[in-house]
Amino acid sequence: MVKKVRPKAIAIDNIGELMELSPSIIKRLGRLPFNVYLIQVTKVRPDVDETMELLVNKYFGLDVAKLDPDSTAEYLARLCAMGVGSIVKVYEPETKIIVKAAISTTPGGMSRNRFERNIAHRIRYLAKEIRERLESNGLDYDMFITPESEGLRSVVFIVYADRSLVRSVVKPRKSMDVKVIIESVPTDSIKFVGLTEQEGAESISTAKDRKLIIGIDPGIVTGVAVLDLNGNVLTLQSGKNLSRRHVLRIVYQYGTPVLVAVDTAKPSDYAKKLAAMVGAVIYYPDRDLSIAEKSEIAIKISREQGIAVKDPHMRDALAAAYKAFIQLKPKLDRVEEEVRRLMPRLLMMRRPSLLRVRQ
């Protein structure tokens, strides 16, 4: 119905119910070739809620105790057309492009292996074409490749741009063996924006003025470790296809990152871009850390701080962050000693000026 009618808005009375009962609707809306606003009519302002019955009485002069579903739907549409309600922001300013096999294959012989190779070749070709188009149009992105034991099965791009812009550069397609899907990325925290407001540029507020070391292990599953400058682990997480913005939302709950660490001698573009986004220094070891070394660090921290290291991605991120902390600690200790040494002199220098001000 939405594809046929192409509405500018869909009016609802409770986004919570929609997210709980029909989350697939949000995903389907995110794949449309055009944008549709979700308007929660009962949010008369982003910080003010009113019931449907009260709104119907206020705007139509009808005194109703309880609206049935059909009447609710009609009045939602009418109120929305009158400019009542708030826009529900259910998507990030990011777009996901998925290149994947359109069909699955069952165990077989030589024909099946040949077919798998053909699919892998098609996915690589399409991924290369998409990458070139994004770069030629100056769109920032991260790419995640999901191989299987017998061949490439999917590639996922997270593009840091609105879906309408991405679709002007890359088009969805579907063939017998491979398909390209373009969809908005659902948010993990719902926001409301007034219908008459102009939404400003996205800003990420820092919850605490605490300096942090971030360990990152990017990939299909990305590991994130957040340490303070005393080596305490504040959080250790991992997630699939995490965008850089998603990682920063995790990090900014704890403070400001000053150092981004990896466990390889050659930092990935993902890590470099993440550090550049926040103006942090990037740390990388002289050589790739071995699995044995990373496991030893993970076991040590787990015992000392009671941290659960649930997968290899968490382990690698934690090892990277802790290795960076060990390298940084002597410098921090020297700074602290110097501050302690100079503090009495600084206090003595300040006392005369304080006396003059008082006099």
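The values are calculated or read from the model by the stated rules, or taken from the named source; none is laboratory data. The shown structure was predicted, so the numbers you read here are calculated from the model rather than taken from an experiment. Every residue, glycine as well, gets a Cβ built from its backbone with ideal geometry; the counts of neighbours run over all protein chains shown. These accessible areas exclude ligands, DNA and RNA; they are computed on the full protein's heavy atoms, side chains included. Shrake-Rupley method; radii C 1.70, N 1.55, O 1.52, S 1.80 Å.
In contact (Cβ under 8 Å) with a residue 60 or more places away in the chain, open to solvent by less than 40 Å² (accessible area, probe 1.4 Å) and in a helix (DSSP H, G or I), is that true of residue 180? No.
Any residue in the stretch 250-260 that is closer than 16 Å to residue 319 by Cα, surrounded by 18 or more Cβ atoms within 10 Å (Cβ to Cβ) and either within 21 Å of the chain's Cα centre (by Cα) or among the hydrophobic types (A, V, I, L, M, F, W, C) (or both)?
Restricting attention to the stretch 250-260, the residues satisfying the condition of being closer than 16 Å to residue 319 by Cα are 259-260.
From what's left, surrounded by 18 or more Cβ atoms within 10 Å (Cβ to Cβ): 259-260.
Remaining after also requiring either within 21 Å of the chain's Cα centre (by Cα) or among the hydrophobic types (A, V, I, L, M, F, W, C) (or both): 259-260.
Yes, the stretch 250-260 contains at least one residue that is closer than 16 Å to residue 319 by Cα, surrounded by 18 or more Cβ atoms within 10 Å (Cβ to Cβ) and either within 21 Å of the chain's Cα centre (by Cα) or among the hydrophobic types (A, V, I, L, M, F, W, C) (or both).
Selection within the stretch 268-282: residues that are of a type outside the set (Val, Ile, Thr), under 18 Å from residue 226 (Cβ atoms) and free of Cβ contacts under 8 Å to residues at least 60 places away in the same chain. The member of this set that is surrounded by the fewest Cβ atoms within 10 Å (Cβ to Cβ) is 279. Filtering the stretch 117-153 to residues that are surrounded by fewer than 16 Cβ atoms within 10 Å (Cβ to Cβ), of a type in the set (Lys, Arg) and closer than 20 Å to residue 176 by Cα leaves 117, 124, 128. Among the residues of the stretch 126-160, those identified as over 25 Å from the mean Cα position of the chain (by Cα) and farther than 14 Å from residue 100 by Cβ are 149, 150.
Determine, yes or no, whether residue 56 is assigned to a helix (DSSP H, G or I), among the hydrophobic types (A, V, I, L, M, F, W, C) and touching a helix residue (DSSP H, G or I) at 6+ places or on another chain (Cβ under 6 Å). Answer is yes for this residue.
Anything in the stretch 223-248 that is among the small types (Gly, Ala, Ser) and either open to solvent by 20 Å² or more (accessible area, probe 1.4 Å) or not in a loop (DSSP other than H, G, I, E, B) (or both)? List them, or say none. Show your work before the answer.
At the first step, the residues of the stretch 223-248 found to be among the small types (Gly, Ala, Ser) are 223, 225, 231, 238-239, 243.
Within the stretch 223-248, 223, 225, 238, 239 meet the criteria.
Just to be sure I understand the filter: pairs with C-beta atoms under 9 Å, separated by 6 or more residues or on different chains, first member in the stretch 289-313 and over 20 Å from residue 222 (Cβ atoms) and assigned to a helix (DSSP H, G or I), second member open to solvent by less than 40 Å² (accessible area, probe 1.4 Å) and small (Gly, Ala, Ser). Which pairs pass? Close Cβ pairs (under 9 Å, with a partner that is open to solvent by less than 40 Å² (accessible area, probe 1.4 Å) and small (Gly, Ala, Ser)) amount to 293/319; 296/319; 305/231. Per the listing 82, 1, the residue uniquely without any contact (Cβ under 8 Å) to a residue 24 or more places away in the chain, open to solvent by 70 Å² or more (accessible area, probe 1.4 Å) and within 19 Å of residue 194 (Cβ to Cβ) is 82.
This table checks each residue for (1) touching a residue at least 60 places away in the same chain (Cβ under 8 Å); (2) out of contact with any His (no Cβ under 8 Å at 6 or more places or on another chain); (3) surrounded by 13 or more Cβ atoms within 10 Å (Cβ to Cβ).
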position	(1), (2), (3)
5	no, yes, no
8	no, yes, no
15	yes, yes, yes
20	no, yes, no
26	yes, yes, yes
33	yes, yes, no
37	no, yes, yes
41	no, yes, yes
45	yes, yes, yes
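Within the stretch 154-172, the set of residues being surrounded by fewer than 14 Cβ atoms within 10 Å (Cβ to Cβ) and part of a loop (DSSP other than H, G, I, E, B) comprises 171 only. Residue 245 fulfils the conditions (1) under 22 Å from residue 219 (Cα atoms); (2) of a type in the set (D, E, K, R); (3) at pLDDT 90 or above except for a single criterion, (3). Please verify whether the stretch 89-97 includes one or more residues that are within 23 Å of residue 182 (Cα to Cα), open to solvent by 40 Å² or more (accessible area, probe 1.4 Å), among the aromatic types (Phe, Trp, Tyr) and outside any helix (DSSP H, G or I). The answer is yes; a qualifying residue exists. Selection of first residues in the stretch 109-122 that are closer than 16 Å to residue 99 by Cβ and among the acidic types (Asp, Glu) and of second residues that are at pLDDT below 75 and open to solvent by less than 50 Å² (accessible area, probe 1.4 Å), restricted to Cβ pairs under 8 Å at least 6 apart or on distinct chains, gives the following pairs, ordered by first then second residue: 116/105; 116/151.
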